[in-house]
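Everything below concerns the one structure shown next.
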Amino acid sequence: MTANALLQTAKALVADDKGLLAMDESNPTCNQRFAKLGIAQNEEMRRNWRELMATTPALSDCISGAILFDETIRQRTRAGLPFAIALIEAGIIPGIKVDTGAKDLAGHAHEKITEGLDGLRDRLAEYARMGARFAKWRAVFALGDGKPSRASIDANAHALARYAALCQEAMLVPIIEPEVLMDGDHSLAKCAEVTEGVLHIVFDQLYAQNVELEAILLKPNMVLPGLMCQHKFTDDEIADATKSCLLRAVPAAVPGIVFLSGGQSGKLASAGLNAINLSFNALTSRPWPLSFSFARAIQHPAMDIWKGADANIVSAQQALLHRARCNRAACRGTYNALTDSSIQPD
Ligand code: 13P
């Protein structure tokens, strides 16, 4: 692949109002979600769940790329295809989560540092050989009681930038995911202030590490009040706060922004994305496509239906496709939560 191919991959991931399906939960996270639904927590069931998603008919109408976990990229579908190849044959670009998780940050109680840089160059080369074309690394920032500290922001931003530089060297598009968490009672304004501050430092580090901004995607949180915040904000207030934050902190060279859902329900995440896209309509031109890279907000309704049973695969796939369609509509600003269930293919 040439450097130009890297740019083309980044653009393809946000083209045509499509977005990403994050299906890269670590084994413990996937198992926790299975346990809640009484699904057996083992490698074969994780494989079955990922196969259900990757083989959903017509998924590529709305989904441009899917993010795999290390276990999954080494597995095969029942038809005998490695997952990355099955996705490519379905018209979906395969990606891979390459961080090894958020660990306690020494010296900073209740703060995390995402690890995974050791040996990353070799792992990226292997993933590229397996067919991955992009990668993901998630940093997390809890909010409240003096958090996030400058130390945790600097350390995580530095790691994100070093990961991104290694990805580009390996011809993988890095998705940069700095997530300000929703837990807590903080206000919308506080989330906006912290998210903007984090993004400034992340882009400063990307610049310092010579990362080509034209060949990354940013995966931020929407600017939201804390889950325990007493005051309720409208979709428009949330969209305006998110818009201001991104316009101030994200260079226009970035080819696309793909939001995480952060634990919002499927409908709330679609409504938020829709309102954000509409809020940009007032500008004469928007700097970046604003799309999605949701995990829970796309997967959960389908997993609730599947419950681990083959007999439920078709209806679970329909539910997955439905959420993907809703989110594509949200990228266009045509989603309406009140008519969610009647959204049709175009
Ligand atoms: P959620 O959409 O469930 O927040 O997950 C996105 C993701 O990929 C987390 O790294």
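The values are calculated or read from the model by the stated rules, or taken from the named source; none is laboratory data. Just so it is clear, the model here is predicted, and its values are computed rather than measured. For neighbour counting, all protein chains shown are included, and Cβ atoms are generated from backbone atoms with ideal geometry for every residue, glycine included.
Working carefully through the options ASP145, ASP154, ASP183, ASP204, find the one that is within 16 Å of the ligand (Cβ to nearest atom) and either acidic (Asp, Glu) or in contact (Cβ under 8 Å) with a residue 60 or more places away in the chain (or both). Steps first, please.
Values: ASP145 fails: within 16 Å of the ligand (Cβ to nearest atom); ASP154 fails: within 16 Å of the ligand (Cβ to nearest atom); ASP204 fails: within 16 Å of the ligand (Cβ to nearest atom).
None of the other options fit; the residue is ASP183.
Scoring LYS232 on the criteria (1) touching a helix residue (DSSP H, G or I) at 6+ places or on another chain (Cβ under 8 Å); (2) at pLDDT below 95; (3) among the basic types (Lys, Arg) leaves a single failure, condition (1). For segment 83-101, residues that are surrounded by 18 or more Cβ atoms within 10 Å (Cβ to Cβ) and in contact with a strand residue (DSSP E or B) (Cβ under 7 Å, 6 or more places away or on another chain) total 11.
Checking each residue of segment 12-19 against the condition of being modelled with pLDDT of 95 or more and within 22 Å of TRP306 (Cβ to Cβ) gives at least one match. Taking every residue in segment 125-138 that is closer than 17 Å to LEU206 by Cα and in contact (Cβ under 8 Å) with a residue 40 or more places away in the chain and pairing it with any residue that is within 15 Å of the ligand (Cβ to nearest atom) and hydroxyl-bearing (Ser, Thr, Tyr), at least 6 positions away or on another chain, the pairs with Cβ-Cβ distances below 7 Å are TRP137/THR114; TRP137/TYR163; ARG138/THR114. Restricting attention to segment 207-226, and to residues there that are of a type in the set (A, V, I, L, M, F, W, C) and within 19 Å of the chain's Cα centre (by Cα), which single residue is nearest to TYR163 (Cα to Cα)? Among residues in segment 207-226 that are of a type in the set (A, V, I, L, M, F, W, C) and within 19 Å of the chain's Cα centre (by Cα), the one nearest to TYR163 (Cα to Cα) is ILE216. Cβ-Cβ contacts under 8 Å between residues 6 or more apart (or on different chains), taken from a first residue in segment 320-345 that is within 21 Å of ILE305 (Cβ to Cβ) and assigned to a loop (DSSP other than H, G, I, E, B) to a second residue that is among the basic types (Lys, Arg) and at pLDDT 95 or above, are listed as ILE343/ARG325; GLN344/ARG325; PRO345/ARG325. Based on this model, can you work out whether THR100 counts as without any contact (Cβ under 8 Å) to a residue 60 or more places away in the chain, in a loop (DSSP other than H, G, I, E, B) and under 21 Å from the mean Cα position of the chain (by Cα)? Spelling it out, THR100 is indeed without any contact (Cβ under 8 Å) to a residue 60 or more places away in the chain, in a loop (DSSP other than H, G, I, E, B) and under 21 Å from the mean Cα position of the chain (by Cα). It is to be established whether one or more residues within segment 111-133 are within 16 Å of the ligand (Cβ to nearest atom) and in contact with a Pro (Cβ under 9 Å, 6 or more places away or on another chain). Yes: segment 111-133 contains one or more residues that are within 16 Å of the ligand (Cβ to nearest atom) and in contact with a Pro (Cβ under 9 Å, 6 or more places away or on another chain).
Could we say that ASN277 is more than 16 Å from the ligand (Cβ to nearest atom) and either modelled with pLDDT under 95 or of a type in the set (Asp, Glu) (or both) here?
In short, no.
Being buried (at least 24 other Cβ atoms within 10 Å of the Cβ) and more than 11 Å from the ligand (Cβ to nearest atom) is the filter here, so list the residues in segment 257-272 that pass it. Within segment 257-272, SER270, GLY272 qualify.
On the basis of being out of contact with any strand residue (DSSP E or B) (no Cβ under 8 Å at 6 or more places or on another chain) and of a type in the set (Gly, Ala, Ser), does ALA252 make the cut? Here the answer is yes, as ALA252 does meet what is asked.
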